[in-house]
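J.: This is the structure I want to talk about, given as structure tokens.
The values are calculated or read from the model by the stated rules, or taken from the named source; none is laboratory data. Values in this document were obtained by computation on a predicted structure and should not be read as measured data. Heads up, the Cβs are rebuilt from the backbone with ideal geometry, glycines too, and the neighbour counts pull from every protein chain shown. Heads up: the accessible areas ignore ligands, DNA and RNA and are worked out on the full protein's heavy atoms, side chains in. Shrake-Rupley method; radii C 1.70, N 1.55, O 1.52, S 1.80 Å.
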Amino acid sequence: MRLSQLIVLGVLLGLGAGWWLRRDADEPVAVARPAAQPAVAATLPAAAATPRVDAPVPTTMPPSSPTDAPTGLLLPVQGIQASQLRDTFTDARSEGRVHDAIDIMADAGTPVLAVADGTVEKLFDSERGGLTIYQFEPSGRWCYYYAHLQRYADGLAEKQVIKRGEVIGYVGSTGNASADAPHLHFEVHVLGPEKQWWKGESINPYPLFVAGH
């Protein structure tokens, strides 16, 4: 092949190669993208999204019982049953007073019994209560008050230790009680820290005697 022909062939081949390269450059080039990641939850777990609020703690606990009271008391009038009692704790009395006790009706001279073990704290003759006994129980938490007695049991004295069921006096009508209606006026007091026989919070004895009957 002549030199002139070779030159022409080389020029043609060069032009063809340039056209091919321009064609590849004009085509869009595919860009490799990373594999799709799993979508992130749009909301946080409930515990993180909404802070947990606990119920408020009560500032006071419900009481196990409405009032502290003794248990196992013996009915203090010999021969009287719980079914014969009447709740007179809230009955009105003179001068706007409330009874704060129960009256246990019985014949004059019927023995009055100690409702529990304890000590005779005070023997007292008052205008309203007549002949009375204030008895403290051993722990010093409660005082038992017996009133309108006809008389005390023989030999009864202050600071004397007495036992549940022991005769300590006799039903009467002393004080402001009617002679036509002899009875035992009986109270239970919650004693304060001073342990004073004349001072205490009255609680209703009636439920204490009828419970379990």
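J.: How charged is the neighbourhood of ILE203? Take every other residue with its Cβ under 10 Å from the Cβ of ILE203, and add Lys/Arg as +1 and Asp/Glu as -1.
T.: After counting each charged neighbour, the total is -4.
J.: Can I get the semi-axes of segment 121-192's equivalent ellipsoid? Compute them from the C-alpha gyration tensor as square roots of 5 times the eigenvalues, in angstrom, largest first.
T.: Semi-axis lengths for segment 121-192 are 21, 14, 10 Å.
J.: Over segment 77-210, with the other protein chains present, what is the accessible area per residue in square angstrom, probe 1.4 angstrom?
T.: Computed with neighbouring chains in place, this is 48 Å² per residue.
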